[in-house]
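Trainee: For reference, the structure I am asking about is given below.
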Amino acid sequence: MRSHYCGQLNETQVDQEVALCGWVHRRRDHGGVIFLDLRDRDGIAQVVVDPDTPEAFANADRARNEFVLRIRGRIRLRPEGTQNPNMPTGMIEVLASNVEVLNTAATPPFQLDEHGKVGEETRLKHRYIDLRRPEMIDKLRLRSRITHSVRAYLESQGFLDIETPILTRATPEGARDYLVPSRTHPGEFFALPQSPQLFKQLLMVSGFDRYYQIAKCFRDEDLRADRQPEFTQIDLEASFVEESDIMSLTEDMIRQLFQDVLDVSLPAFPKMPYSEAMNRYGSDKPDLRIPLELIDVNDLMRDVDFKVFSGPAKADDGRVAALKVTGGAKLSRKEIDAYTDFVNIYGAKGLAWIKVNERAKGIEGLQSPIVKFMEGIIESLLDRVGAEDGDIIFFGADKARIVNEALGALRVKLGEDLDLYTQEWAPLWVVDFPMFEADDAGRLAALHHPFTAPSSSPEAFKADPANALSRAYDMVLNGTELGGGSIRIHDQAMQRAVFEVLGIGEEEAEEKFGFLLDALRFGAPPHGGLAFGLDRLVMLMSGAKTIREVIAFPKTQSAACLMTDAPGEVSADQLKELNIRLRQKAQQGGNGEA
Ligand code: ASP
């Protein structure tokens, strides 16, 4: 039906006869001549229809926006003065000899170039129309180029693409499971995988040596942040490897990807221990494009006559940290108040600050509600943070966790608001994570997942599991965690020991992970791997603001699909077949019994 995509036409093809298929992007009637902008996934071409081709003219005349047309015609240069150098096809137009209406279209719920006037809900409800927008097509095309580059790289390194089940047992990655009732096993449920973690480890036990998969994962989380209940990972695993093998392989893969797709050569990936990242940036995924750092001032604040500072400075789990912003003294009171509200979200009770107007004048040259308490230590404090005229210093004083979260987030916000970025791409590895984190009740949970190997010997691990470090690593780019992985436990006794620390007793371990523990007895090789979040990667590479923009059919914040109206009610018969009785009668559907 077609000889070219609309966007492929240019002035080198003048006088060629072409056949185009696409949608009417715009139609203009110019005193007897009709101009049609015809759009397909590659771009837009201008089509001119003259009245001296009456049949073509009549069809063009009845065409409306989003009608589907097939056009035959000849390419010619646009007349002088009507060329549009901003458009790839802007030098030429197609003089139509034939216009065929392949299908009509009802008036769309929004015009493509006016999508900003309707809410995201309308766009999601009619996603197939929203996806006609060139920006959306570009993003999904970029996504396809990304997966292509990744596959090509991994295949070149001997990785095999192997699928793992979607109907399976729970794989703990720290979220709630999506469950699927089994009809053939009444009262029993499958879980959708939170990741292919256990299967990829089992593939290593089988000897596949190098596995990868672009895998759908399912996590039933509260979708506060920019998350999706189903998302995609670039998942990989290899045998007989150490941390450095997986890290250099995946770093190389990402480097090549950026080169292939964006023509960007990424800078070096520094390695930073988790503890250093938390100390200097208040985050385990620091945005190194921003040249601000948290500086410890505990020692200076222990004896100041200001409890808000001296209390946390003396407490075991407390922290007092400073964040100096060069040139920040110009921030207004109102702006500082807004930052105070901002840190409140992270649990900080306030945001103390000192403006350095004229350092040479000593305390007189400073402006601050708290400086009166600091007299004895002020010079050491200013030296510590390297304060100069025109700077502002913010402080956080609380439990270390709160200070890190609050000042860490403030650091990122200031970087954004004041445009402090020093480079476009700032990758790094974060390493030496703790094995566990404790909740308020002191219960330990795996920071990565329970299959991650500790860096210590089994004896040292057992002696002090709470403080053990793990063999996990995260790749971070511009403050986003792109991927994370680890060297795994391949020894059954060690795996049992970790389950025990996590409060998973023998019986439960057997019940939930018996197959893994079993497999570890049958010659499991040392192995490790990593998974990248594909959606986030595409978002970063395309400059999109949310991951919804880089997923063809995303769900909303409340984990629903507005287009298909999923999740939906099911019939009483279906429920009966599944042996399920709803506790509450659904309001109208009548699909359950009370
Ligand atoms: N399964 C892990 C995750 O989903 C990644 C890995 O350890 O390879 O985060």
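The values are calculated or read from the model by the stated rules, or taken from the named source; none is laboratory data. Small disclaimer: the values here were computed from a predicted structure and weren't measured. Neighbour counts are summed over all protein chains in view; Cβ atoms, including those assigned to glycine, are modelled from backbone coordinates with ideal geometry.
Trainee: Restricting to the stretch 480-500, count the residues that are within 16 Å of the ligand (Cβ to nearest atom) and over 11 Å from A453 (Cβ atoms). If you could, list the steps in order and put the result at the bottom.
Mentor: Pass one, the stretch 480-500, residues within 16 Å of the ligand (Cβ to nearest atom): 480-490, 495, 498.
Subsequent filtering for residues that are over 11 Å from A453 (Cβ atoms) retains 480-485.
Adding up the residues that qualify gives 6.
Trainee: I've got another one for you. Just give me the residues in the stretch 531-563 being within 16 Å of the ligand (Cβ to nearest atom), aliphatic (A, V, I, L, M) and either farther than 15 Å from M136 by Cβ or part of a loop (DSSP other than H, G, I, E, B) (or both), in sequence order.
Mentor: Listed by number, the residues that qualify are A531, L534, L537.
Trainee: When you check G73 against the structure, is it of a type outside the set (A, V, I, L, M, F, W, C) and within 26 Å of T107 (Cα to Cα), yes or no? Break it down stepwise before answering.
Mentor: On the way: of a type outside the set (A, V, I, L, M, F, W, C): yes; within 26 Å of T107 (Cα to Cα): no.
It is false that G73 is of a type outside the set (A, V, I, L, M, F, W, C) and within 26 Å of T107 (Cα to Cα).
Trainee: From the set of residues in the stretch 167-177 that are at pLDDT 90 or above and out of contact with any Pro (no Cβ under 7 Å at 6 or more places or on another chain), which is nearest to F513 (Cα to Cα)? Break it down stepwise before answering.
Mentor: First pass over the stretch 167-177, keeping only residues at pLDDT 90 or above: 167-169, 175-177.
When the remaining residues are screened for being out of contact with any Pro (no Cβ under 7 Å at 6 or more places or on another chain), the result is 167, 169, 175-177.
Working: L167: 16, R169: 9, A175: 17, R176: 17, D177: 16 Å.
Here the answer is R169.
Trainee: Oh, and also: Which members of the stretch 474-513 meet the condition of being touching a residue at least 24 places away in the same chain (Cβ under 8 Å) and basic (K, R)? Step through it out loud before you land on a result.
Mentor: Going through the stretch 474-513, the residues touching a residue at least 24 places away in the same chain (Cβ under 8 Å) turn out to be 474-495, 497-499, 501-504, 512-513.
R488, K512, listed by residue number.
Trainee: Residues to consider are V430, V476; find the one that is touching a Leu at 6+ places or on another chain (Cβ under 9 Å) and in a strand (DSSP E or B). Working first, answer last.
Mentor: On the way: V430 fails: touching a Leu at 6+ places or on another chain (Cβ under 9 Å).
Among V430, V476, only V476 is touching a Leu at 6+ places or on another chain (Cβ under 9 Å) and in a strand (DSSP E or B).
Trainee: Could you grab me the full set of residues in the stretch 166-194 that are more than 13 Å from the ligand (Cβ to nearest atom), under 24 Å from the mean Cα position of the chain (by Cα) and not aliphatic (A, V, I, L, M)?
Mentor: Hits for the stretch 166-194 are R176, D177, Y178.
Trainee: Somewhere in the stretch 220-232, is a residue within 16 Å of the ligand (Cβ to nearest atom), surrounded by 16 or more Cβ atoms within 10 Å (Cβ to Cβ), closer than 22 Å to M435 by Cβ and under 21 Å from the mean Cα position of the chain (by Cα)?
Mentor: Looking through the stretch 220-232, none of the residues is within 16 Å of the ligand (Cβ to nearest atom), surrounded by 16 or more Cβ atoms within 10 Å (Cβ to Cβ), closer than 22 Å to M435 by Cβ and under 21 Å from the mean Cα position of the chain (by Cα).
Trainee: Can you tell me which residue in the stretch 503-530 is farthest from the ligand (Cβ to nearest atom), limited to those that are modelled with pLDDT under 95 and in a loop (DSSP other than H, G, I, E, B)?
Mentor: It comes out as G505.
Trainee: Does L575 satisfy the criteria of being within 19 Å of H126 (Cβ to Cβ) and either surrounded by fewer than 17 Cβ atoms within 10 Å (Cβ to Cβ) or of a type outside the set (D, E, K, R) (or both)?
Mentor: Details: within 19 Å of H126 (Cβ to Cβ): no; either surrounded by fewer than 17 Cβ atoms within 10 Å (Cβ to Cβ) or of a type outside the set (D, E, K, R) (or both): yes.
No; evaluated as a whole, the condition is false for this residue.
Trainee: Can you find, within the stretch 1-45, the residue that is modelled with the highest pLDDT among those that are charged (D, E, K, R) and closer than 12 Å to E93 by Cβ?
Mentor: Going through the stretch 1-45, the residues charged (D, E, K, R) turn out to be 2, 11, 15, 17, 26-29, 37, 39-42.
Now narrow it down to the ones that are closer than 12 Å to E93 by Cβ: 11, 37.
On the way: E11: 94, D37: 97.
Taking the candidates together, the pick is D37.
Trainee: OK, next. For the stretch 203-219, which positions are within 13 Å of the ligand (Cβ to nearest atom) and surrounded by fewer than 18 Cβ atoms within 10 Å (Cβ to Cβ)?
Mentor: So the first thing to find is which residues in the stretch 203-219 are within 13 Å of the ligand (Cβ to nearest atom), and the list is 203-204, 211-213, 215-219.
Correct list: K216 only.
Trainee: Within 14 Å of the ligand (Cβ to nearest atom), over 17 Å from D535 (Cβ atoms) and not hydrophobic (A, V, I, L, M, F, W, C): is that true of D252 in this structure? Reasoning before the result, please.
Mentor: Working: within 14 Å of the ligand (Cβ to nearest atom): no; over 17 Å from D535 (Cβ atoms): yes; not hydrophobic (A, V, I, L, M, F, W, C): yes.
No; evaluated as a whole, the condition is false for this residue.
Trainee: Right, next: Which is in contact (Cβ under 8 Å) with a residue 60 or more places away in the chain, loosely packed, with under 15 Cβ neighbours inside 10 Å and under 30 Å from S149 (Cβ atoms), of A552, A531?
Mentor: That would be A552, the only listed residue that is in contact (Cβ under 8 Å) with a residue 60 or more places away in the chain, loosely packed, with under 15 Cβ neighbours inside 10 Å and under 30 Å from S149 (Cβ atoms).
Trainee: Select from the stretch 499-528 the residues that are among the small types (G, A, S) and surrounded by fewer than 16 Cβ atoms within 10 Å (Cβ to Cβ) and write down the one among them that is farthest from the chain's Cα centre (by Cα).
Mentor: Looking only at the stretch 499-528, we keep the residues that are among the small types (G, A, S), and these are 503, 505, 509, 514, 519, 523-524, 528.
Adding the requirement that they be surrounded by fewer than 16 Cβ atoms within 10 Å (Cβ to Cβ) leaves 503, 505, 514, 523.
Numbers: G503: 31, G505: 35, G514: 33, G523: 37 Å.
Among them, the one singled out is G523.
Trainee: OK, next. Can we say R151 is more than 15 Å from the ligand (Cβ to nearest atom), buried (at least 20 other Cβ atoms within 10 Å of the Cβ) and in contact (Cβ under 8 Å) with a residue 60 or more places away in the chain? Reasoning before the result, please.
Mentor: Working: more than 15 Å from the ligand (Cβ to nearest atom): yes; buried (at least 20 other Cβ atoms within 10 Å of the Cβ): no; in contact (Cβ under 8 Å) with a residue 60 or more places away in the chain: yes.
Judged against the criteria, R151 is not a match.
Trainee: For the stretch 438-460, name all the residues that are away from the ligand (no atom under 15 Å from the Cβ), modelled with pLDDT under 95 and not aliphatic (A, V, I, L, M).
Mentor: First pass over the stretch 438-460, keeping only residues away from the ligand (no atom under 15 Å from the Cβ): 438-444, 455-460.
When the remaining residues are screened for being modelled with pLDDT under 95, the result is 438-444, 456-460.
Selection gives D439, D440, G442, R443, S456, S457, P458, E459.
Trainee: Need at least 2 residues that are more than 27 Å from I129 (Cβ to Cβ) and touching a helix residue (DSSP H, G or I) at 6+ places or on another chain (Cβ under 7 Å) per element, so show me which strands (runs of 3 or more DSSP E) inside the stretch 30-102 make the cut, counting only ones lying wholly within it. Steps first, please.
Mentor: Values: elements: 33-40, 43-49, 68-77.
Correct list: 68-77.
Trainee: Within the stretch 407-418, identify whether any single residue is modelled with pLDDT of 95 or more and within 19 Å of S310 (Cβ to Cβ), and answer yes or no.
Mentor: Quick first cut of the stretch 407-418, residues modelled with pLDDT of 95 or more only: 407-418.
Imposing the further condition that a residue be within 19 Å of S310 (Cβ to Cβ) reduces the set to 407.
So far as the stretch 407-418 goes, yes, one or more of its residues are modelled with pLDDT of 95 or more and within 19 Å of S310 (Cβ to Cβ).
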